[in-house]
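J.: Quick one: the structure is below, and I'll ask about it shortly.
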Amino acid sequence: MAVTKIRKISSWTLLACVVISVIALLMFYIGGVEDPAAEMATPVNTDLLLNWTYVLFGLTVVSTVIFAIWQFIGTLKTNTKGALMGLGAIVVFIVVMFIAYSIGDTTPLASINADSAHYNTPFWLKVTDMWIYTTYILIGLIILAVVLGNVKKLFGK
């Protein structure tokens with residue numbers, strides 16, 4: 001009974017998000033432009049599309065954090081070692097982000113437009129490098145985990 005209810009709720013949620021996303025995209029692409037004579041034409045519904053993207057991103061982050069905490073508490077009751085291993089992974093991720101932030105470059109970017117110059121500060125340059133380096137490290141760890149998992153599976157038989 002519970003699985004059916006969860007499946008129905010998740011299916012309806014997915015369907016609602018897809019329908020709203022398709023409507024927002026159609027409004028963005030079909031809605032026309034603000035000033036057709038301008039050098040760079042800006043679609044009329046750019047704000048709508050960006051705001052919907054922010055809403056989806058926010059819901060994703062909030063639900064991920066809530067479900068991670070919920071799973072941690074549930075696992076802590078039944079499997080303390082497994083819960084602490086999960087917590088350890090989060091701590092390692094935070095340490096990797098701190099190290100990536102520390103090695104970030106603060107050299108201002110040349111030939112940047114006036115709108116972006118506000119973010120051409122040492123803090124934002126280091127934050128950008130932090131996310132790029134963290135992404136590279138995570139991609140490397142994913143590839144390593146896939147390779148090691150397959151090698152373990154191959155030799156485990």
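The values are calculated or read from the model by the stated rules, or taken from the named source; none is laboratory data. Please read all numbers here as calculations on a predicted model, not as lab measurements. When we count neighbours, we look across all protein chains shown, and the Cβ atoms used for this are built from the backbone with ideal geometry, even at glycine. Surface areas here come from the heavy atoms of the whole protein model, side chains and all, with no ligands, DNA or RNA. Shrake-Rupley method; radii C 1.70, N 1.55, O 1.52, S 1.80 Å.
J.: Report in % the part of the accessible area of the chain that belongs to carbon and sulfur, leaving out ligands and nucleic acids; probe 1.4 Å.
T.: Of all accessible area on the chain, carbon and sulfur atoms account for 74 percent.
J.: Can I ask one more? If I fit a long axis through the Cα atoms of helix 2-30 and take the longest principal axis of the Cα atoms of the chain, what angle between them do I get, 0 to 90°, rounded to 10?
T.: With rounding to tens, the tilt is 20 degrees.
J.: Could you provide, to the nearest whole Å², the per residue accessible area of the chain with probe 1.4 Å?
T.: In whole numbers, the chain has 82 Å² accessible per residue.
J.: Mind putting a number on the dipole of the chain about its Cα centre? Charges go on the C-beta only, +1 for Lys and Arg and -1 for Asp and Glu, and I need it in Debye to the nearest 20.
T.: My answer is approximately 1520 debye.
J.: Mind listing the long-range amide H neighbours of V33? Cut-off is under 5 Å, sequence gap 5 or more, other chains count too, H placed in the peptide plane at 1.01 Å from N.
T.: Here the answer is V44, since their amide H atoms fall under 5 Å of that of V33.
J.: Once the Cα atoms of helix 80-102 and of the chain are each reduced to a long axis, what angle between those two axes, in degrees from 0 to 90 to the nearest 10, is obtained?
T.: Tilt of helix 80-102: around 40 degrees.
J.: Along the charge dipole of region 26-157, pointing to its positive end and built from +1/-1 on Cβ of Lys, Arg, Asp and Glu, which listed residue (G82, A68, G140) has its Cα farthest out?
T.: Positive-end residue among those listed: G82.
J.: Now for a separate question. Relative to the longest principal axis of the C-alpha atoms of the chain, give the angle of the C-alpha long axis of helix 46-78, reported between 0 and 90° and rounded to the nearest 10°.
T.: 10 degrees
J.: Setting aside same-chain residues fewer than 8 positions from K81, which lysines have a Cα under 29 Å from its Cα?
T.: Within the straight-line cut-off, K81 pairs with K152, K153, K157.
J.: Could you tell me whether region 18-157 comes out rounded, prolate or oblate from its Cα gyration tensor? Rule is a ≥ b ≥ c as square roots of the eigenvalues, rounded for a/c under 1.5, then prolate if a/b exceeds b/c, otherwise oblate.
T.: Taking the square roots of the gyration eigenvalues as a ≥ b ≥ c, region 18-157 is prolate.
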